[in-house]
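So the structure is just underneath, and the comments pick up after that.
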Amino acid sequence: MADFSTIAQYYDQMTNFDKRLVGDFGVIKHLVEKFRVKSALDAGCGTGVHSIILAKLGIEVVGVDSAEEMIEGARVNALREGLQLEFANDRFEAMPLGWSERFDTIFCLANSLVGVETAERLSLSFKSFQRVLKPGGRAIIQLLNFVHYRSNKIRIFKVSTNQNLTFVRFFDFEKEVTRLNVLVIEHDMGQVKHQFISQPILPVNTEVIEVAANINGFSGVGFYADLSLGDRYRADGENLVAVVTK
């Protein structure tokens, strides 16, 4: 798995945790109601924003992330919201055997799946997803549409500012490797400091998802333009959402 531990100290500021906690509530509620979710795995939970939303909606939820620093942040954020949630520091392909057929829905949002880095690990992750889902359950996967970004040579996909920090998130599309980069710029007492963080990722697309799903015994896959699931996926769109059914 890609190591996102370095960015953990900045993650809530970079993604604006408090704003997402409010802004993402409606779409998560929509998905919970649409699929009648009762139990959920927040795969790639980061610092816990979607786990917290799910818990506030009355869902039994477990958050899992490969970065221990992210999990620590998630526990702090949950307690701040008055919640005691279950979080685990595990890779997707190595989730506990005790979770077998525990969840009716997996939420793998905010581009988390790209952290598996290789096609082999992606397949093993889908095998693990299939194992922890109940019969008829589904994985809801939200990604950036790498077909769009690469074909149009779009490297910068997000610039955000929070207090004295500016975050520039961008891609390197190399021949053999795609990299996700974050440039952190800090303005401190008239001084400008910066930190550069770079990780190889797997540029997941519809074909890769279909192959991984079929190999690991899923019954169907649907592709959409966003989490509303109202419009079908388009190659020229910025996002790719997959609903993979067991």
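For every residue, the table says whether it meets (1) exposed (fewer than 14 other Cβ atoms within 10 Å of the Cβ); (2) closer than 22 Å to Ile28 by Cα; (3) among the hydrophobic types (A, V, I, L, M, F, W, C).
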residue: Gly136; (1), (2), (3): yes, yes, no
residue: Arg179; (1), (2), (3): no, no, no
residue: Val221; (1), (2), (3): no, yes, yes
residue: Leu227; (1), (2), (3): no, yes, yes
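Take Val76 and decide whether it is closer than 30 Å to Pro200 by Cβ, outside any strand (DSSP E or B) and out of contact with any Asp or Glu (no Cβ under 8 Å at 6 or more places or on another chain). Yes; evaluated as a whole, the condition is true for this residue. Pairs linking a residue in the range 17-29 that is part of a loop (DSSP other than H, G, I, E, B) to a residue that is buried (at least 16 other Cβ atoms within 10 Å of the Cβ), with Cβ atoms under 7 Å and 6 or more positions apart or on different chains, are Asp24/Val49; Asp24/His50; Asp24/Ile53. Within the range 156-170, not a single residue is polar (S, T, N, Q) and assigned by TED's automatic domain parsing to the domain that holds Thr15. Applying the set (1) more than 30 Å from Asp104 (Cα to Cα); (2) of a type outside the set (Gly, Ala, Ser); (3) modelled with pLDDT of 95 or more to Leu144 leaves exactly one unmet item: (1). Residues of the range 143-167 that are crowded, with 20+ Cβ neighbours inside 10 Å and among the polar types (S, T, N, Q): Asn145 alone. Among the residues of the range 37-62, those that are more than 17 Å from Val76 (Cα to Cα) and either of a type in the set (A, V, I, L, M, F, W, C) or free of Cβ contacts under 8 Å to residues at least 60 places away in the same chain (or both) comprise Val37, Ala40, Leu41, Ala43, Leu57, Gly58, Ile59, Glu60.
Filtering the range 196-246 to residues that are among the hydroxyl-bearing types (Ser, Thr, Tyr) and either modelled with pLDDT under 95 or in contact with a Cys (Cβ under 9 Å, 6 or more places away or on another chain) (or both) leaves only Ser198. Looking at (1) in a loop (DSSP other than H, G, I, E, B); (2) under 20 Å from Gly137 (Cα atoms); (3) among the aliphatic types (A, V, I, L, M), which is the one condition that is false for Val244? Single failed check for Val244: (1). For the range 68-76, state whether one or more residues are out of contact with any Ser or Thr (no Cβ under 6 Å at 6 or more places or on another chain), without any contact (Cβ under 8 Å) to a residue 40 or more places away in the chain and closer than 20 Å to Leu133 by Cα. No, because not a single residue in the range 68-76 is out of contact with any Ser or Thr (no Cβ under 6 Å at 6 or more places or on another chain), without any contact (Cβ under 8 Å) to a residue 40 or more places away in the chain and closer than 20 Å to Leu133 by Cα. Of everything in the range 168-177, what is more than 20 Å from the chain's Cα centre (by Cα) and buried (at least 16 other Cβ atoms within 10 Å of the Cβ)? Give them in sequence order. Selection gives nothing.
Taking the criterion of being part of a strand (DSSP E or B) and either within 16 Å of His148 (Cα to Cα) or not aliphatic (A, V, I, L, M) (or both), the residues of the range 220-241 that qualify are Gly220, Gly222, Phe223, Tyr224, Arg232, Asn239, Leu240, Val241. The combined condition, being touching a Gly at 6+ places or on another chain (Cβ under 8 Å) and surrounded by 15 or more Cβ atoms within 10 Å (Cβ to Cβ), is fulfilled by Gly115. Would it be correct to say that Thr161 is among the hydroxyl-bearing types (Ser, Thr, Tyr) and more than 18 Å from the chain's Cα centre (by Cα)? The answer is yes for Thr161.
Within the range 30-71, restricting attention to residues that are part of a loop (DSSP other than H, G, I, E, B) and out of contact with any helix residue (DSSP H, G or I) (no Cβ under 6 Å at 6 or more places or on another chain), the residue that is farthest from Lys127 (Cα to Cα) is Gly58.
The values are calculated or read from the model by the stated rules, or taken from the named source; none is laboratory data. As the structure is a computational prediction, the values presented were derived from the model and not from experiment. Glycine gets a Cβ as well: all are built from the backbone with ideal geometry, and neighbour counts include every protein chain shown.
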